[in-house]
Structures are given as C-alpha cells and as structure tokens.
Amino acid sequence: MFNDINFAYPYFLYLLFLIPLIIAWYIWKNQEFKTDIRFSDISYFKGYHKTIRQRLRHLPFILRVIVFLLLVLALARPQSLSKAHDVDIEGIDIMISLDISGSMRAEDFQPNRMEAAKRTALEFIEMRPNDRIGMTVFSGQTFTLCPLTTDHELLTELVRSAHIGMIEDGTAIGDGLANAVNRLRESQAVSKVIVLLTDGINNTGMIDPLTAAEIAAMKDIRVYTIGVGSEGEVPYPFETRHGVQYQQVEIPVDEELLEKIAEMTGGEYFWANNPNKLEEVYEEIDQLERTKLDVKEYERKADEYYSFAMLAMIFFVIEAFLRYNVLKTLP
C-alpha cells in the first residue's frame, strides 16, 4: 500500500509556465522606476540602513506568485491515490476459551497448568498480530475476559490477570464454548475459529457441549480443542492448616468429547501432555489457520484540491494586508 498524487486536469499545470514571465515582467517594471542621481561625496549615506518595510517591499509580489501557483494546482485537481497490488490478508477472528477450574493448579506443568496455558496463549497471540482475538474463561460458570480486538496489548494484560478462583469452581465446557460462539456469531471474518483448552470433564453448566458444538458448526466456526495434562497421577497442591501439601491425583480429560466437538465443527483435537507439546499445538493451529485472500490491484482516489485552495486564500489575505496596510506607502 502506498500513497501517490495524481491530477484530474493536468493541462492546467501548463499555466505554471507563466510564472517565469510574471517574474521577468516584475523585474523589468521595477527597473523603470529606478533613477540615477550622482553624488560627489557618499559620506552622507554612511551608516544608512534599509528599514524593515523597505526590506519587505518585494514580499507582496512573492506571496502573489505563491497564490497563483497554489490556485493552478487546485485547478488541476490533485488527488491522493491509494494502490494495492495482490495483497494477502488473513481475515481471521479467533476466540480462545480457557479452562480456569481448580484442576488447573496441577503442577505437572511448571509452575502449573494454568500459568503454562496462559504463557502459551500469549505466545499464540503474539504470532497473530493482524487478527482480531478475544478470550473467554470458564470453570463452573463462564464470562468474557476480552471481546474480539486488535488491541493485543490490552488483551495481553487481561490474559495475564486471569487466575483460578475468579468464578465458581467446576468445569462447564459447554457454557465456555457457547460463550465463545456467541462472541463470534456476528463476525464478518472470512474464517472464524475457537481454541478451547481444558484439562477436565464437563460436570456442570447450563449448555451441553455438543449442543454448543452444533451451534458453532451452524455458524461456520471451527473449534480446535486441546486436552491438557500428563497421563496418570500428577502432583496437586492442597491447602491445609499446616500449609501447602502435595498429593498425587489423577485428573482425567474427556478426550472423546473434545474429539467429537472438533469433528463436528471441522477443527482438530490435540493432546498436550507437557509444556513443549502445548507450544507445538499452538504453532500447529497457527499454521492451519493461515487462510489468505488474494486482493487484486485497486485504486482509491481522494480529492486534495481543498488544501491548496485554502492555502491560496491564506496567502492572499496576508498579501493584501501587507500591501494595503503595512507597506501601503511603498512603491
């Protein structure tokens, strides 16, 4: 994309050739008024300096030439021209739906699943500088942490602020998915995507996850589901009166459900059993969602003559003020 200047009526620019003739006429005219006076002694004129008014005597003419120049340019009707040549644009809106239930405290990921999920989500957001991205969070309930936005700095701050315990505990996968779908339902983007990350089994909420998936499919929204957590038992911190104590617990993920949601919406299911794998999953989604549109060359014109006309008027007012007020008595 670049801006250029074009003229709708370029033949008016030939009037600019009159400027050298006008200047030559002005010089010749001023020569006519010069008178030769001979003095035998010029000591009388020592220390004589021209006044400011005398020094400015040619300024009105210069301003008038500038006014003429600007008016000619305005008559030629300058237009700013915006062009594009085969531009690739992404055209993707993405909602991240993040599980913030209590099970995300498990420390098979360092420092825990929650912080690892937030870190990789932020890295994913950084990969997509040109897309609108938002985030919903869910546990026993769901809410929108950030609607779709291109203000990734704001989104980043909000993601960092997300924490376990913000809302009632539980794992309402259906509600979390439905909330993200709702945020995308009026999107006009070429591609609409939800990345749903959870480490548990749907055990609460008002909306069945498969019902939410059906709505997503009807709205042409692809859902990429990510199951998070190591296999088997994992270290989990429990608050006791003696401080934090760790126990080995098993936190099952409903892989069958996540696979079904992805299948119904044209997305994919991923299993991330360690932080490195989670990063790889986001990178793979990043590569899968590179839908591009090839925009053919176009031109957009905008008239710019108004600026030249206004400048001409300003210079004309200044010239008239100087000529008929400040420099009125000068020839």
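The values are calculated or read from the model by the stated rules, or taken from the named source; none is laboratory data. Small disclaimer: the values here were computed from a predicted structure and weren't measured. In this analysis, Cβ positions are derived from the backbone assuming ideal geometry, glycine residues included, and neighbour counts consider all displayed protein chains.
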When every residue in segment 5-39 that is modelled with pLDDT under 85, surrounded by fewer than 10 Cβ atoms within 10 Å (Cβ to Cβ) and not hydrophobic (A, V, I, L, M, F, W, C) is compared, the one farthest from ALA302 (Cα to Cα) is ARG38
Being farther than 30 Å from GLU231 by Cα and at pLDDT 85 or above is the requirement here; does ALA309 meet it? yes
ILE42 passes all but one of the listed conditions (1) in the same structural domain as ILE318 (by TED's automatic domain parsing); (2) modelled with pLDDT under 85; (3) exposed (fewer than 10 other Cβ atoms within 10 Å of the Cβ); the exception is number (1)
Exception for PRO252 within (1) surrounded by fewer than 16 Cβ atoms within 10 Å (Cβ to Cβ); (2) closer than 22 Å to GLY176 by Cβ; (3) at pLDDT 95 or above falls at (3)
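Say whether the condition of being over 26 Å from ILE92 (Cβ atoms) and in the same structural domain as ASP93 (by TED's automatic domain parsing) is met by at least one residue in segment 261-281. Lay out the reasoning, then the answer.
Step one: list which residues in segment 261-281 are over 26 Å from ILE92 (Cβ atoms), which gives 273-274.
After this cut, where a residue has to be in the same structural domain as ASP93 (by TED's automatic domain parsing) as well, the list is 273-274.
Within segment 261-281, one or more residues are over 26 Å from ILE92 (Cβ atoms) and in the same structural domain as ASP93 (by TED's automatic domain parsing).
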- Task: Might you let me know whether segment 149-167 holds any residue that is exposed (fewer than 15 other Cβ atoms within 10 Å of the Cβ) and of a type in the set (Lys, Arg)?
- Result: yes
Filtering segment 224-271 down to residues that are within 33 Å of the chain's Cα centre (by Cα) and either in a strand (DSSP E or B) or β-branched (Val, Ile, Thr) (or both) yields TYR224, THR225, ILE226, GLY227, VAL228, ILE261, THR265, TYR269, PHE270, TRP271
Restricted to segment 184-201 and to residues being surrounded by fewer than 22 Cβ atoms within 10 Å (Cβ to Cβ) and in contact with a Gly (Cβ under 7 Å, 6 or more places away or on another chain), the residue nearest to ASN273 (Cα to Cα) is SER191
The condition from (1) buried (at least 18 other Cβ atoms within 10 Å of the Cβ); (2) in contact with a strand residue (DSSP E or B) (Cβ under 9 Å, 6 or more places away or on another chain) that GLN141 misses is numbered (2)
Take the conditions part of a helix (DSSP H, G or I), under 19 Å from GLY229 (Cβ atoms) and touching a Pro at 6+ places or on another chain (Cβ under 6 Å) and apply them to ALA116. Does it pass?
yes
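Is it the case that segment 93-101 has a residue that's among the aliphatic types (A, V, I, L, M), at pLDDT below 90 and assigned to a loop (DSSP other than H, G, I, E, B)?
Of segment 93-101, the ones among the aliphatic types (A, V, I, L, M) are 94-96, 98, 100.
So of that shortlist, the ones also at pLDDT below 90 come out as none.
No, because not a single residue in segment 93-101 is among the aliphatic types (A, V, I, L, M), at pLDDT below 90 and assigned to a loop (DSSP other than H, G, I, E, B).
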